[in-house]
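J.: Let me begin by handing over the structure; questions about it come next.
The values are calculated or read from the model by the stated rules, or taken from the named source; none is laboratory data. Here the structure is a predicted model, which is why all the values come from computation and not from measurement. Positions of Cβ are generated from backbone atoms using ideal geometry, with glycine treated the same way; all protein chains shown enter the neighbour counts.
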Amino acid sequence: MASIRIKNMVCPRCVMAVEQILQRLDIAYQQVSIGLLETQAELDEQQTKALDQELQDIGFEILIDRKTQLVEDIKLALMDLLSREEENPLKTSQFLMDRFNLDYAYLSNMFSEVQGEPIEKYLIHLRVEKVKELLHYDLSLSEIAYKLQYSSTAHLSTQFKKLTGYSPSEYKKIIESKHPL
């Protein structure tokens, strides 16, 4: 069995897309999860090249560099942190230090070097994506702000508009106009 780290996988649809590629390439695998592929055997050079090309065609890539792997692990950890925030608000720096047993300054510098943006900015992008997702449900903006640990709805709205160009209410109207009930 071999483990292969894959960059840019963020959701269950990504897992399905990778599974479809593996089936198309006739590569036996044990499991595909966000950011990770467990194959039943080591891939030969031709299989690895074909897999990497197919993954790149849909915006993914095989990770080889250790720094890049750590950054992808940090991204997955941040998604995990975001999913836990309502039940257990944690400080990002402490959460990452506990998760990786490394100094936050090291993690932060490595992330910025590889990703081209600080951890905090990346986390804001993740939060805004989560807000977009939650706007599909019948939650008020104050419920969403509470759920995602925003200090206020105004703070949420400001960050949302800065990244999307729309206020949350404008964005919700767009969603509703595209997908009426």
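J.: All but one of (1) of a type in the set (Lys, Arg); (2) surrounded by fewer than 16 Cβ atoms within 10 Å (Cβ to Cβ); (3) closer than 17 Å to Ile175 by Cβ hold for Lys130, so report the exception by its number.
T.: (2)
J.: Sort through Glu129, Glu170, Glu120 and tell me the only one that's among the acidic types (Asp, Glu) and over 16 Å from the mean Cα position of the chain (by Cα). Give the derivation first.
T.: Details: Glu129 fails: over 16 Å from the mean Cα position of the chain (by Cα); Glu120 fails: over 16 Å from the mean Cα position of the chain (by Cα).
Of Glu129, Glu170, Glu120, the one residue that is among the acidic types (Asp, Glu) and over 16 Å from the mean Cα position of the chain (by Cα) is Glu170.
J.: Could you give every pair whose Cβ atoms fall below 6 Å, whose first residue belongs to region 82-100 and is under 21 Å from Gln69 (Cβ atoms), and whose second residue is among the hydrophobic types (A, V, I, L, M, F, W, C) and modelled with pLDDT of 75 or more, counting only separations of at least 6 or pairs across chains?
T.: Note: pairs meeting the criteria are Leu82/Leu126; Phe95/Leu81; Leu96/Leu107; Arg99/Ala77.
J.: If you check Tyr150 against the conditions, is it farther than 19 Å from Asn8 by Cα and at pLDDT 90 or above? Walk me through it before giving the result.
T.: Values: farther than 19 Å from Asn8 by Cα: yes; at pLDDT 90 or above: no.
So Tyr150 does not fit the description; no.
J.: If you don't mind, another one. So if I check each of Leu76, Leu107, Leu139, which one is in contact with a helix residue (DSSP H, G or I) (Cβ under 7 Å, 6 or more places away or on another chain) and not assigned by TED's automatic domain parsing to the domain that holds Leu37? Explain how you work it out, then say what you get.
T.: Numbers: Leu76 fails: in contact with a helix residue (DSSP H, G or I) (Cβ under 7 Å, 6 or more places away or on another chain); Leu139 fails: in contact with a helix residue (DSSP H, G or I) (Cβ under 7 Å, 6 or more places away or on another chain).
After applying the criteria, what remains is Leu107.
J.: Please verify whether Leu107 is modelled with pLDDT of 90 or more and under 12 Å from the mean Cα position of the chain (by Cα), treating the condition exactly as stated. Walk me through it before giving the result.
T.: Values: modelled with pLDDT of 90 or more: yes; under 12 Å from the mean Cα position of the chain (by Cα): no.
So Leu107 does not fit the description; no.
J.: Out of everything in region 28-52 that is free of Cβ contacts under 8 Å to residues at least 12 places away in the same chain and surrounded by 12 or more Cβ atoms within 10 Å (Cβ to Cβ), what residue ends up being farthest from Glu143 (Cα to Cα)? Before the answer, list the steps.
T.: Initial filter on region 28-52 (free of Cβ contacts under 8 Å to residues at least 12 places away in the same chain): 29, 31, 44-46, 49, 52.
Pick out the ones that are also surrounded by 12 or more Cβ atoms within 10 Å (Cβ to Cβ) and you get 29, 31, 49, 52.
On the way: Tyr29: 41, Gln31: 36, Lys49: 46, Asp52: 41 Å.
Here the answer is Lys49.
J.: Which one of Gln94, Gln53 is assigned to a helix (DSSP H, G or I), outside the structural domain of Ile6 (by TED's automatic domain parsing) and modelled with pLDDT of 90 or more? Walk me through how you get there before you give the answer.
T.: Working: Gln53 fails: outside the structural domain of Ile6 (by TED's automatic domain parsing).
Going through Gln94, Gln53 in turn, the sole match is Gln94.
J.: Would you mind stating whether Ser112 is assigned to a helix (DSSP H, G or I), small (Gly, Ala, Ser) and in the same structural domain as Asp73 (by TED's automatic domain parsing)? I'd like the intermediate steps shown before the answer.
T.: Details: assigned to a helix (DSSP H, G or I): yes; small (Gly, Ala, Ser): yes; in the same structural domain as Asp73 (by TED's automatic domain parsing): yes.
Judged against the criteria, Ser112 is a match.
J.: What do you reckon, is Asp26 assigned to a helix (DSSP H, G or I) and not assigned by TED's automatic domain parsing to the domain that holds Lys147? Full working, then the answer.
T.: On the way: assigned to a helix (DSSP H, G or I): no; not assigned by TED's automatic domain parsing to the domain that holds Lys147: yes.
Answer is no for this residue.
J.: Looking only at region 163-180, decide whether some residue is assigned to a helix (DSSP H, G or I) and within 22 Å of Leu76 (Cα to Cα).
T.: Looking for residues that are assigned to a helix (DSSP H, G or I) and within 22 Å of Leu76 (Cα to Cα), one finds at least one in region 163-180, hence yes.
J.: Could you list, ordered by first residue, the pairs with Cβ atoms under 7 Å in which the first is in region 166-177 and within 17 Å of Lys130 (Cβ to Cβ) and the second is among the small types (Gly, Ala, Ser), at least 6 apart or interchain?
T.: Ser167/Ser157; Pro168/Ser157
J.: Would you mention how many residues in region 75-110 are surrounded by 15 or more Cβ atoms within 10 Å (Cβ to Cβ) and either within 13 Å of Arg5 (Cα to Cα) or basic (Lys, Arg) (or both)?
T.: Going through region 75-110 one residue at a time, the tally reaches 3.
J.: In this structure, is Gln31 assigned to a helix (DSSP H, G or I) and not assigned by TED's automatic domain parsing to the domain that holds Pro168?
T.: Details: assigned to a helix (DSSP H, G or I): no; not assigned by TED's automatic domain parsing to the domain that holds Pro168: yes.
Answer is no for this residue.
J.: Right, here's the next one. Within region 1-16, restricting attention to residues that are outside any loop (DSSP other than H, G, I, E, B) and in contact with a helix residue (DSSP H, G or I) (Cβ under 9 Å, 6 or more places away or on another chain), which residue is nearest to Gly59 (Cα to Cα)? Give the steps one after another, and end with the answer.
T.: Pass one, region 1-16, residues outside any loop (DSSP other than H, G, I, E, B): 2-7, 12-16.
Add one more test, that the residue is in contact with a helix residue (DSSP H, G or I) (Cβ under 9 Å, 6 or more places away or on another chain), and what stays is 4-7.
On the way: Ile4: 16, Arg5: 14, Ile6: 10, Lys7: 9 Å.
Per the stated criteria, the residue is Lys7.
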